[in-house]
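Only one structure is covered here, and it is reproduced in the block below.
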Amino acid sequence: MTEWTERDIPDQSGRVAVVTGANSGLGLVTATELARSGAHVVMAVRREGAGAREAAEIRRALPDVRIETRQLDLASLESVRAFAKGMNDDFPAIDLLVNNAGVLHLGPARTTGDGFETHFGVNTLGHFALTGLLLGNLSRAEAPRVVSISSTSHRIARLDFDDLMSRNNFKPRRAYARSKLACTVYGLELHRRLEKAGSPVLSVVAHPGICRTNLSPRAFEDQWAISRAVDRATQRAFASVHEGARSQLHAATAPGVRGGQFYGPSGFKEMRGPVATTEPAPQAADPASGKKLWAAAEELTGISYP
């Protein structure tokens, strides 16, 4: 079978796509390829200036694309609400939401402005809130999709529903892995709920394998020498960011994708290789875990889905 690449993305003309964390790494590749394929892309970024610079570069390379930047800080529910309101006011239908943004902090525990542990607050709760607030407009589109981004690290994590904020014995990599497990649990539970409601929206999950993004180097952003060493090591060992983005681009655009599917690289330990369907960790696929996480997310964010 021929390997699927970004060249196989169907024409996206007339579709509106929102990509969170779109100013770098996987998000930037995803936004660029969707725009190249004809979509009107909204780059949802925490630092609007950085997003605007990248959007300008995309326009220089692809003069006819439709792409814009809007400020979104997933660490702030107030910012999530403001972004969603602007999108819902300006676009009667949204075709695609790629919940790509993520943080990895290797250091002391940190909290968001809403008091959530940062990994869980940004990677999971921020996207839970955003999706819920955009779901009405998503449901008005033709063949809409929500793509949640997981990680290979979700397989080594366990969700402790008595300590979702990792207050007991905080370890940053474990907190990150838990947040990515929660993203996977969420994406699959969203599928079950959408399917039960008869919604046209597909919820799909994807992971990039292990690739050369700026996520790990930025975790050491206060320690320049370590950050540079991590960057050099990943450049040698792992797949390119363009390869890594293929799983989420496939989940977002490929014909035949069904709700509840999980995509990732098909090579050794799913670290790299052609895109294929894969199996999530047992807790990620457990409906009981999905119900527990959903109830907790609704209570923490104050957002209930329509």
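The values are calculated or read from the model by the stated rules, or taken from the named source; none is laboratory data. Note that this is a predicted model, so its numbers are computed, not measured. Positions of Cβ are generated from backbone atoms using ideal geometry, with glycine treated the same way; all protein chains shown enter the neighbour counts.
Can you name the residue in the range 164-219 that is among the polar types (S, T, N, Q) and within 14 Å of residue 104 (Cβ to Cβ) and, of all such residues, is modelled with the lowest pLDDT? Break it down stepwise before answering.
Narrowing the range 164-219 to residues among the polar types (S, T, N, Q): 166, 168-169, 179, 184, 199, 203, 213-214, 216.
Checking which are within 14 Å of residue 104 (Cβ to Cβ) leaves us with 166, 179, 213-214, 216.
On the way: 166: 96, 179: 98, 213: 61, 214: 56, 216: 51.
So, considering only residues that are among the polar types (S, T, N, Q) and within 14 Å of residue 104 (Cβ to Cβ), the one modelled with the lowest pLDDT is 216.
Hey, does the range 255-264 have a residue that's hydroxyl-bearing (Ser, Thr, Tyr), under 28 Å from residue 8 (Cβ atoms) and in contact with a helix residue (DSSP H, G or I) (Cβ under 6 Å, 6 or more places away or on another chain)? Let's see the steps before the verdict.
Initial filter on the range 255-264 (hydroxyl-bearing (Ser, Thr, Tyr)): 263.
Right, trim to under 28 Å from residue 8 (Cβ atoms) and you get 263.
Filter again for in contact with a helix residue (DSSP H, G or I) (Cβ under 6 Å, 6 or more places away or on another chain), leaving 263.
Yes, the range 255-264 contains a residue that is hydroxyl-bearing (Ser, Thr, Tyr), under 28 Å from residue 8 (Cβ atoms) and in contact with a helix residue (DSSP H, G or I) (Cβ under 6 Å, 6 or more places away or on another chain).
Does at least one position in the range 226-240 carry a residue that is within 23 Å of residue 179 (Cβ to Cβ) and modelled with pLDDT of 55 or more?
Looking for residues that are within 23 Å of residue 179 (Cβ to Cβ) and modelled with pLDDT of 55 or more, one finds at least one in the range 226-240, hence yes.
Could you check the range 286-306 and list, in sequence order, the residues that are assigned to a helix (DSSP H, G or I), in contact (Cβ under 8 Å) with a residue 60 or more places away in the chain and surrounded by fewer than 17 Cβ atoms within 10 Å (Cβ to Cβ)? Outline the logic, then answer.
So in the range 286-306, the residues assigned to a helix (DSSP H, G or I) come out as 287-301.
After this cut, where a residue has to be in contact (Cβ under 8 Å) with a residue 60 or more places away in the chain as well, the list is 287, 289-294, 296-297, 300-301.
Residues satisfying the conditions are 287, 291, 292.
Just to be sure, is residue 102 modelled with pLDDT of 95 or more, small (Gly, Ala, Ser) and assigned to a helix (DSSP H, G or I)? Before you say what the answer is, go through the steps one by one.
Working: modelled with pLDDT of 95 or more: yes; small (Gly, Ala, Ser): yes; assigned to a helix (DSSP H, G or I): no.
No.
Residue-wise test of (1) more than 30 Å from residue 39 (Cα to Cα); (2) in contact (Cβ under 8 Å) with a residue 12 or more places away in the chain.
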residue: 129; (1), (2): no, yes
residue: 136; (1), (2): no, yes
residue: 145; (1), (2): no, yes
residue: 154; (1), (2): yes, yes
residue: 171; (1), (2): yes, no
residue: 176; (1), (2): yes, yes
residue: 179; (1), (2): no, yes
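Does residue 14 satisfy the condition of being on the phi > 0 side of the Ramachandran plot and either surrounded by fewer than 16 Cβ atoms within 10 Å (Cβ to Cβ) or assigned to a loop (DSSP other than H, G, I, E, B) (or both)? Even if it seems obvious, please write down each step before you answer.
Details: on the phi > 0 side of the Ramachandran plot: yes; either surrounded by fewer than 16 Cβ atoms within 10 Å (Cβ to Cβ) or assigned to a loop (DSSP other than H, G, I, E, B) (or both): yes.
It is true that residue 14 is on the phi > 0 side of the Ramachandran plot and either surrounded by fewer than 16 Cβ atoms within 10 Å (Cβ to Cβ) or assigned to a loop (DSSP other than H, G, I, E, B) (or both).
So which residues in the range 54-67 are closer than 20 Å to residue 11 by Cβ, of a type in the set (D, E, K, R) and exposed (fewer than 12 other Cβ atoms within 10 Å of the Cβ), if there are any at all?
The first filter runs over the range 54-67 and keeps only residues closer than 20 Å to residue 11 by Cβ, leaving 58-59, 61-67.
In the following step, the residues that additionally are of a type in the set (D, E, K, R) were identified as 59, 64, 66.
64 - this is the single residue of the range 54-67 that is closer than 20 Å to residue 11 by Cβ, of a type in the set (D, E, K, R) and exposed (fewer than 12 other Cβ atoms within 10 Å of the Cβ).
Restrict the check to the range 21-33 and report whether at least one residue is among the polar types (S, T, N, Q) and over 25 Å from residue 102 (Cα atoms).
Restricting attention to the range 21-33, the residues satisfying the condition of being among the polar types (S, T, N, Q) are 23-24, 30, 32.
Adding the requirement that they be over 25 Å from residue 102 (Cα atoms) leaves none.
No - not one qualifying residue is present in the range 21-33.
Give the range 10-67 a look and list any residue that's touching a strand residue (DSSP E or B) at 6+ places or on another chain (Cβ under 6 Å) and among the basic types (Lys, Arg), or say none.
66
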